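Every number here is computed from the coordinates shown, using simple stated rules; none is lab data. All figures in this text were calculated on a predicted structure; none of them were measured in a lab. Cβ coordinates were reconstructed from backbone atoms using ideal geometry, including for glycine residues, and neighbour counts include every protein chain displayed.
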Amino acid sequence: MKSTDAGKLPSALERMTEILRECGDKKIAVFLDYDGTLTPIVRRPEDAVMSREMRDTVTRLTRSHTVAIISGRDLKDVRSLVDIEGIYYAGSHGFDIQAPDGHRIEVDRAAGSLEDLDRAEQKLRNSLADFDGVQIERKRYSIAVHYRRARETDVEKVSNIIDEVKEEFPGLRRSSGKKVYELQPDVAWNKGEALLWLLEELVSAGRDMAPFYIGDDTTDEDAFSVLADRGIGIVVRDEPRDTKAKYALDDVEQVRSFLEKLASLGNE
């Protein structure tokens, strides 16, 4: 599927009838990113808290549809921030998944990288200690280096240090998102693979699904690719970029409005 300028995509709110017609009689499953989708992007990751209105909307959504959160955050972190029962949680870009019944799945191929992540984290903390505004966030299966509050003149230096550390650990790969660099296990796994795994889990449970994925970051593009011919990808277009999503929403409030419409269907 070719990428499209997000600014040229039709509004998911305005095309609701068209979208629901595409779903037909299938059960709706809604997969959601967290930062930039359920909450606005903020300067400090720990300050990204869902509004009461968004929490109420997602809670109502769970009463009628299958819901999953697929986030770059650590599983424990996103589980604590959302804190809604009855949904799937996938942390660390899908490396760590927990079902509503508490059953937990971790990507076996990534487990061998935990020691490298521990060592790389310590090297990054030592090397980046003198850079003001740089925040290192360790997750079970990744190390995130946030530079949103860093001096612009330091960003390239930070990037080069991350590359140097990565070269010491060939079992890790580098990725990036909005004002963040990450080191992750270098295995074939991402939000798209996690989405596929969850869909297979749901299909094996006898559910014929119409999957939605809503996200704002470049890391969500793998999920949009997965749904290119089997679901509805919706990008939150807060900045210009190309995307493989089919539809767009302009901000977190439009996401909430869209989820409200889905929640009102009650098609279970």
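Rounded to whole numbers, the Karplus 3J(HN,Hα) couplings from phi for the stretch 175-187 are 9, 8, x, 6, 6, 8, 10, 9, 10, 9, x, 7, 10 Hz, using 6.51 cos²θ - 1.76 cosθ + 1.60 with θ = phi - 60°, and x at Gly and Pro. Our estimate of slack between K123 and V203, defined as 0.36 nm per intervening residue step minus the Cα-Cα distance, is 24.5 nm. Within straight-line reach of K244, meaning a Cα separation under 17 Å, sit the following aspartates and glutamates at least 8 residues removed in sequence or on another chain: D5, D33, E193, D216, D217, D220, E221, D222, D229.
If the segment from E260 to D5 were pulled out straight at 0.36 nm per residue, it would be longer than the present Cα-Cα gap by 89.2 nm. Put in order of Cβ neighbour count within 10 Å, fewest first, the listed residues W197, W189 become W197, W189.
Subtracting the Cα-Cα distance of R52 and E18 from 0.36 nm times their residue separation leaves 9.3 nm of extension gain. Comparing Cα centroids, the stretch 84-103 and the stretch 215-268 end up 20 angstrom apart. Cα centroids of the stretch 12-40 and the stretch 162-206: 24 Å apart.
Placing unit charges on the Cβ atoms only, positive for Lys and Arg and negative for Asp and Glu, gives the chain a dipole magnitude near 380 debye about its Cα centre. Neighbours of E221 by Cβ distance under 10 Å: Lys/Arg scored +1, Asp/Glu scored -1, total -1. Along the axis of the charge dipole computed for the chain (Cβ charges of +1 for Lys and Arg, -1 for Asp and Glu, origin at the Cα centre), the listed residues I161, L124, G177 are led at the positive end by G177.
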